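Colleague: Let me begin by handing over the structure; questions about it come next.
Just so it is clear, none of the values below were taken in a lab; they were calculated from the coordinates. These figures come from a predicted structure and were not determined experimentally. FYI the Cβ positions are ideal-geometry reconstructions off the backbone, even for glycines, and counts take in every protein chain you see.
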Ligand code: CO8
């Protein structure tokens, strides 16, 4: 079986499942490369409107593969070009929902933070334990965590390496929703299915404006929002959505 499996469980929804249970889904080169290849293919596939990423019941992903990293030298890391692989996920224009059970640690927490929505099971644990093995996050963990939860919660996690439980992660803004462990994937798929039924251009514009606007000056970000808002009035789906509302019928979106 492949180390990353791809399924199409619902209309418009693709599911990527990490499949290295013997290593708590540690992200080795093979997994990261497969993940990136799948992401690029799904981004280009017009029939895919939302993507769910998950692991198994014990781990979403326990981080970078420490066996692969233990003896690495800086040049090895440089040549691995991991940022190119992560960019395939970061740049995906379609919404990504992370369905997290068990451990999301190190690169696993960073992978979850690449998503747009995080659904966690009650038993999930989020952490950046890199400091405990002599390193620090290297796939956006410091910056994405800072932006998600603020300096003081982030620093505590980064400097102690201590994981937080799902409810605490939710309270600090690192998780969108906590559900019983057995319902995580179902809930993530249901959210993805809801998003997949939305007008795709509006979905895409929301993600783009959120992503680009987050680190832009407020005036520029607001201008970006206005332009995207105005642009959507050029879409047939805007005319259809509003006409359907006024006609009291269900809209039929085309993605144009
Ligand atoms: N890398 C390699 N193997 C791992 C990893 C890992 N990160 N995590 C677990 N495994 C392996 C264990 O070695 C063990 O293998 P074996 O059975 O052959 O001994 C197997 O998975 C099961 O692990 P445990 O017996 O430890 O299982 P537990 O359920 O008792 O504990 C934990 C699970 C808590 C997840 C524990 O395994 C653990 O602490 N793992 C390490 C977590 C960690 O430190 N992660 C950070 C890694 S560094 C990092 O992510 C840097 C990211 C920077 C850039 C990103 C690039 C991808």
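Colleague: If you fit an axis through the alpha-carbon atoms of helix 218-232 and take the longest principal axis of the Cα set of the chain, what angle between them do you get, 0 to 90°, nearest 10?
Modeller: With rounding to tens, the tilt is 50 degrees.
Colleague: Right, next: Over the Cα atoms of region 179-224, what is the Rg over Rh ratio if Rh follows Kirkwood?
Modeller: Reported Rg/Rh, Kirkwood definition of Rh: 1.19.
Colleague: Take 172, 113 and order them by how many other Cβ atoms sit within 10 Å, fewest up front. Can you show the working numbers first?
Modeller: Working: 172 19, 113 23.
In increasing order of surrounding Cβ atoms, one gets 172, 113.
Colleague: Oh, and also: Angle between the Cα long axis of helix 236-247 and the longest principal axis of the chain, 0 to 90 degrees, nearest 10?
Modeller: Tilt relative to the chain: about 60 degrees.
Colleague: Per 5 Å bin from zero, what fraction in whole % of the C-alpha pairs of region 1-129 is there, up to the bin with the longest pair?
Modeller: That works out to 2, 11, 22, 25, 21, 12, 5, 2, 0, in percent per bin.
Colleague: Once the principal axes of the Cα atoms of region 158-209 are found, what is the range along each, listed largest first in whole angstroms?
Modeller: Per principal axis, max minus min of the Cα coordinates gives 42, 30, 15 Å.
Colleague: Could I ask something else about it? Just to verify a number: FRET efficiency for residue 143 and residue 70, C-beta to C-beta distance, R0 = 22 Å, to 0.05?
Modeller: The pair residue 143/residue 70 has a calculated efficiency of 0.30.
Colleague: Taking all pairs of distinct Cα atoms, average 1/r, flip it, and tell me the Kirkwood hydrodynamic radius of region 79-223 in Å to one decimal place.
Modeller: Result for region 79-223, one decimal place: 16.0 Å.
Colleague: Right, another one. Arrange the peptides 90-99, 219-228 so that the one whose residues have, on average, the most other Cβ atoms within 10 Å appears first.
Modeller: Highest-to-lowest ranking by the protection proxy: 90-99, 219-228.
Colleague: When the Cα atoms of the chain are enclosed in a convex hull and the volume is divided per residue, what value in Å³ results? Walk me through the numbers before you get to the answer.
Modeller: Details: hull volume 36.0 nm³, N = 256.
Convex hull volume per residue, Cα atoms: 141 Å³.
Colleague: Go ahead and estimate [θ] at 222 nm for the chain from helices alone: -39,500 (n - 2.57) per DSSP H run with n ≥ 4, summed, over the residue count, rounded to 500.
Modeller: Here the helix-only value at 222 nm equals -14500 deg cm²/dmol.
Colleague: Here's a follow-up. On C-alpha positions alone, give me the angle between the axis of helix 29-44 and the longest principal axis of the chain, in degrees, nearest 10.
Modeller: The angle comes out near 0 degrees.
Colleague: Modelled label-to-label distance, residue 91 and residue 225, 7 Å Cα→beta-carbon offset: nm?
Modeller: Modelled inter-label distance: 2.7 nm.
Colleague: Separate question: Cα centroids of region 82-135 and region 145-177: how far apart, whole angstrom?
Modeller: That distance is 12 Å.
Colleague: Once you place label points 7 Å from the Cα toward the Cβ at residue 233 and residue 177, how far apart are they in nm?
Modeller: Here the modelled spin labels are 3.3 nm apart.
Colleague: Here is a follow-up. In percent, how large is the relative contact order of the chain, given Cα pairs closer than 8 Å and 6 or more residues apart?
Modeller: So the answer I get is 17 percent.
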